[in-house]
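Participant: My structure is below; once you've seen it, I'll send some questions.
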Amino acid sequence: MIVSKDPNEVRNQILSWKSEKLSVGFAPTMGFLHEGHSNLFVRSASENSKTVVSIFVNPAQFNDPEDYAKYPINTEGDLEICKSSKVDLVFLPDKDTMYPGGIPAVELRIPHLMKNLDATTRPGHFEGVLLVLSRLFHIIPADRSYFGKKDYQQYLVVKDFVRALGFPMEIIGVDTVRSAEGLALSSRNARLTGPEKEEALLLIRALRLGESLIRQGEKDPAEVLTVMKDVLDSSSKIQTDYLEVLDANTLGELPILKGEILLAVAAFLGQVRLIDNITVKVS
């Protein structure tokens with residue numbers, strides 16, 4: 001496995017592979033890797049000749065400097081996970097490599113997909129995501145890039161960004177990996193205490209109850225939201241950031257529940273912010 005901090009070395013290696021007609025898959029990450037990340041790597045390795053992973057905690061996508069400062073780092077452990085997941089190249093840039101001269105005053109937006117959810121509760125977040133990806137996609141001209149659907153809005157935003165700007169790559173969404181109890185795996189889970197992890201299970205319970213209501217024929221999004229909200233409100237430790245029932249393709253509101261539906265939640269447990277979602281398709 002190649003490990004490099006040099007963007008030119010990384011790009012030249014990828015171009016060399018592609019000159020040999022080898023397909024390249026890419027998974028951008030912020031490190032502190034877990035099974036959800038390795039699932040992306042394994043998926044890429046099954047669909048491509050070579051798999052590349054980047055590890056970079058991107059300051060441009062944090063609207064809270066304290067959250068950025070607290071983001072966990074375990075580079076040695078990350079490299080072990082990459083190696084065991086059959087990753088071929090790991091790109092480990094630092095802030096000066098990614099943003100020489102500082103974070104540029106450039107704002108990238110996909111307005112129709114950035115009207116709600118994390119785009120409003122975390123202002124500047126997706127602008128920072130798109131900024132770092134625009135640099136990474138030039139350094140790593142992969143054939144396919146892999147994103148977890150736990151960050152469902154990010155997946156949609158990146159997919160439309162790549163289409164709009166003509167990056168010659170396919171964006172692949174990979175289903176959320178969960179613990180045996182149902183908790184969506186996240187790097188932030190490491191900051192939860194044992195009791196808080198138990199409380200966090202209320203997020204998926206609320207979503208699954210909403211899904212059950214829809215599958216039973218409920219067509220009113222307000223009714224589904226009320227039931228899910230009651231589940232979250234049963235805990236005094238959970239502070240809901242948002243709870244939404246939306247069109248899964250446009251993130252627009254649905255007057256009547258039909259088609260592909262996104263149930264999405266973000267909530268705070270203490271200082272830790274968690275997100276989760278599920279999609280359900282009905283006629």
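Participant: Which ones in the stretch 223-252 are over 22 Å from the mean Cα position of the chain (by Cα), within 20 Å of Thr120 (Cβ to Cβ) and open to solvent by 20 Å² or more (accessible area, probe 1.4 Å)?
Facilitator: Result: Leu225, Lys229.
Participant: To continue, here is another question. Spot the failing condition for Leu33; the list is (1) aliphatic (A, V, I, L, M); (2) crowded, with 21+ Cβ neighbours inside 10 Å; (3) out of contact with any strand residue (DSSP E or B) (no Cβ under 7 Å at 6 or more places or on another chain); (4) in a helix (DSSP H, G or I), and only one is missed.
Facilitator: Status for Leu33: all satisfied but (4).
Participant: What are the pairs with Cβ atoms under 6 angstrom where one residue, in the stretch 88-111, is β-branched (Val, Ile, Thr) and the other, located anywhere, is surrounded by fewer than 18 Cβ atoms within 10 Å (Cβ to Cβ)? Sequence gap at least six, or different chains.
Facilitator: Correct list of pairs: Val90/Val3; Ile110/Asp160.
Participant: Can you name the residue in the stretch 186-212 that is modelled with pLDDT under 95 and aliphatic (A, V, I, L, M) and is also most open to solvent (accessible area, probe 1.4 Å) among such residues?
Facilitator: Only one residue tops the list, namely Ala190.
Participant: Does Ile140 satisfy the criteria of being touching a helix residue (DSSP H, G or I) at 6+ places or on another chain (Cβ under 9 Å), open to solvent by less than 40 Å² (accessible area, probe 1.4 Å), of a type outside the set (Gly, Ala, Ser) and over 22 Å from Val57 (Cβ atoms)?
Facilitator: No, not satisfied.
Participant: Take Asn58 and tell me if it is surrounded by fewer than 21 Cβ atoms within 10 Å (Cβ to Cβ) and within 21 Å of Ala266 (Cα to Cα).
Facilitator: no
Participant: Here is a follow-up. Is it true that Ala180 is without any contact (Cβ under 8 Å) to a residue 24 or more places away in the chain and either open to solvent by 40 Å² or more (accessible area, probe 1.4 Å) or not acidic (Asp, Glu) (or both)?
Facilitator: For Ala180, the condition - without any contact (Cβ under 8 Å) to a residue 24 or more places away in the chain and either open to solvent by 40 Å² or more (accessible area, probe 1.4 Å) or not acidic (Asp, Glu) (or both) - is met.
Participant: Keeping to the stretch 65-112, report how many residues are at pLDDT below 95, surrounded by 12 or more Cβ atoms within 10 Å (Cβ to Cβ) and assigned to a helix (DSSP H, G or I).
Facilitator: Adding up the residues that qualify gives 3.
Participant: Let me ask you something else. For the stretch 156-168, what are the residues that are farther than 14 Å from Gly128 by Cα, in a helix (DSSP H, G or I) and not β-branched (Val, Ile, Thr)?
Facilitator: Once the filter is applied, which keeps residues that are farther than 14 Å from Gly128 by Cα, in a helix (DSSP H, G or I) and not β-branched (Val, Ile, Thr), the stretch 156-168 yields Leu156, Lys159, Asp160, Arg163, Ala164, Leu165.
Participant: Pull up the stretch 146-171, narrow it to residues that are open to solvent by 20 Å² or more (accessible area, probe 1.4 Å) and touching a Lys or Arg at 6+ places or on another chain (Cβ under 7 Å), then point me to the one that is nearest to Ala119 (Cα to Cα).
Facilitator: Ranking the qualifying residues of the stretch 146-171, first place goes to Tyr155.
Participant: Next question, about the same structure. I need every pair where a residue in the stretch 1-26 that is within 18 Å of Asn48 (Cα to Cα) has its Cβ under 7 Å from the Cβ of a residue that is buried (at least 17 other Cβ atoms within 10 Å of the Cβ) and modelled with pLDDT under 95, sequence separation at least 6 or different chains.
Facilitator: Short answer, once both residue conditions are applied: none.
Participant: I'd like the residue in the stretch 1-17 that is of a type in the set (Val, Ile, Thr) and more than 18 Å from Tyr99 (Cβ to Cβ) and, out of all such residues, is least open to solvent (accessible area, probe 1.4 Å).
Facilitator: The residue in question is Ile14.
Participant: Residue check: is Thr279 hydroxyl-bearing (Ser, Thr, Tyr) and farther than 24 Å from Thr29 by Cβ?
Facilitator: No.
Participant: Looking only at the stretch 139-158, how many residues end up being touching a Pro at 6+ places or on another chain (Cβ under 9 Å) and within 17 Å of Pro7 (Cβ to Cβ)?
Facilitator: Qualifying residue count, the stretch 139-158: 4.
The values are calculated or read from the model by the stated rules, or taken from the named source; none is laboratory data. Predicted model only: the values in this text are computed from it and were never measured. Note that each Cβ is placed from the backbone with ideal geometry, even for glycine, and that neighbours are counted across all protein chains shown. Quick note on the areas: whole protein, heavy atoms, side chains included, nothing else; ligands and nucleic acids left out. Shrake-Rupley method; radii C 1.70, N 1.55, O 1.52, S 1.80 Å.
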